[in-house]
Amino acid sequence: MIEIKSVHKSFGDVTVLEGVDLSVKSGEVVCLIGPSGSGKSTLLRCINGLESYEKGDILISGERVDRHSKSIHELRTKVAMVFQRFNLFPHRTALQNVTEGPIYVKHQNPQVALERAEALLEKVGLAHRMNAYPDELSGGQQQRVAIARALAMDPQAILFDEPTSALDPELVGEVLAVMRKLADEGMTMIVVTHEMGFAQDVADKVCFLHSGTIVEEGPAKKVLSDPQHPRTQDFLRRMLNQGSEVSV
Ligand code: ADP
Ligand code: MG
């Protein structure tokens, strides 16, 4: 469903992605791990057409992602993104945050969009908070609204960029539980995360990115419990010691 072939990306003189290859099948959950600055966010942003890339190809269901093409807006509705800092509209309620895209981007009937949004908020456990504004919600609740908002666009895949990194530890579980449910339902997902337990349990495949290249990939259990590449071994050892993100 998502094919990434030999993608290169630089910011000025700094090369950030140096020939990334990755393929994600429909229904697959891929966890992307790697040190801070290795290019994880940039890769997700390229897949979603938020950044351009200089070389290589990114295909979504066969269609090339090109930030400057006319169809980029349509393509972006097919691949939703969930950010570390939620990025909800602060002056809109939870419900309005979820209906915004379907009504204004997909031109859905407002009543249909409203009913769907209510169902999605219920699905992420927020039936009782639909009319709350983001600043009246906890980080975990805001992130669940963001997930409902992503789902409202009926995406073919969802990209998650460290969805739990900005949360207090006691709120991480409720967001991971929603993500697990989506994975069980067959949603195609690429998840940048430092939650190794989640990766181990939920991911079909784990990719380790280092300095803009995927240096190791394979089944989650294999990569996490028996990493082959010295960089992966080093990263996982440091993750275990620190319990948080490590720098390059
Ligand atoms: P990660 O998500 O793995 O921490 P990023 O993709 O955010 O890594 O960043 C990779 C590298 O690209 C870093 O060195 C970062 O400083 C650089 N970078 C990211 N975005 C920009 C930008 N808009 N302009 C210049 N450099 C950037
Ligand atoms: Mg990042």
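Values quoted throughout were computed directly from the atomic coordinates according to the rules given, and no laboratory measurement underlies them. Just so we're clear, the structure is a prediction, and the values are computed from it rather than from any experiment. FYI the Cβ positions are ideal-geometry reconstructions off the backbone, even for glycines, and counts take in every protein chain you see.
Here the stretch 111-248 was treated as a single set of alpha-carbon atoms; its pair distances binned every 5 Å from 0 give 2, 9, 18, 20, 17, 13, 9, 6, 4, 1, 0 percent.
Rounded to the nearest 20 Debye, what is the dipole magnitude of the chain about its Cα centre when Lys and Arg each give +1 and Asp and Glu each give -1 at the C-beta? If you can, show how the numbers build up before the last one.
Working: 27 positive and 33 negative charges, 59 e Å.
It works out to roughly 280 debye.
For the chain, a Gaussian network of Cα nodes joined below 10 Å ranks GLN228, GLN200, GLN156 by mean-square fluctuation, and the top entry is GLN228.
Short-range pairs are left out: with C-alpha atoms under 8 Å and at least six residues apart, the relative contact order of the stretch 1-156 is 21 percent.
Over the chain, the hull volume per residue, using the convex hull of the C-alpha atoms, is 124 Å³. Our summary gives the stretch 143-248 a relative contact order of 19 percent, counting only alpha carbon pairs under 8 angstrom and 6 or more residues apart.
For the stretch 34-141, trypsin sites (Lys or Arg not before Pro) meeting the loop criterion (DSSP other than H, G, I, E, B) and having at most 12 other Cβ atoms within 10 Å: LYS70. With respect to the chain, whose longest principal axis is taken over its alpha-carbon atoms, helix 169-184 is tilted by about 90°.
Expressed as a rounded percentage, what relative contact order does the stretch 1-45 have, with Cα pairs under 8 Å and six or more residues apart? If you can, show how the numbers build up before the last one.
Values: 51 pairs, mean separation 15.2, N = 45.
With pairs under 8 Å counted, the relative contact order is 34 percent.
On the principal axes of its alpha-carbon atoms, the stretch 1-104 has extents of 41, 31, 29 Å, going from largest to smallest. Out of ILE72, PRO230, ALA152, whose Cα points farthest toward the positive end of the dipole of the chain (charges: +1 Lys, Arg; -1 Asp, Glu; placed on Cβ)? Result: ILE72, furthest along the dipole toward the positive end. For the stretch 185-237, the Kirkwood estimate of hydrodynamic radius, built from reciprocal distances between every pair of different alpha carbons, is 11.5 Å. When the listed pairs LYS181/LYS222; LYS40/LYS222; LYS25/LYS221; LYS55/LYS123; LYS25/LYS123; LYS70/LYS123 are checked against a 30 Å cut-off, the alpha-carbon distance exceeds it for LYS55/LYS123; LYS70/LYS123.
Which value, in debye to the nearest 20, gives the size of the charge dipole of the stretch 56-104 about its Cα centre, when Lys and Arg are +1 and Asp and Glu are -1 at the Cβ? Walk me through the numbers before you get to the answer.
Working: 7 positive and 5 negative charges, 29 e Å.
Result for the stretch 56-104 is approximately 140 debye, rounded to the nearest 20.
Given the stretch 73-158 reduced to its alpha-carbon atoms as identical point scatterers, what log10 I(q)/I(0) does the Debye formula return at q = 0.15, 0.22 Å⁻¹? The calculated log intensity ratios at q = 0.15, 0.22 Å⁻¹ are -0.46, -1.02. Taking GluC sites (Glu not before Pro) across the stretch 25-95, the ones in a DSSP loop with at most 11 further Cβ atoms lying within 10 angstrom of their Cβ are GLU54.
Between beta-carbons, use under 14 Å as the cut-off and find the net charge around ARG180, counting Lys and Arg +1, Asp and Glu -1.
On the way: positive: LYS123, ARG144, LYS181; negative: GLU174, ASP184, GLU185, GLU195, ASP201, ASP204.
Local net charge: -3.
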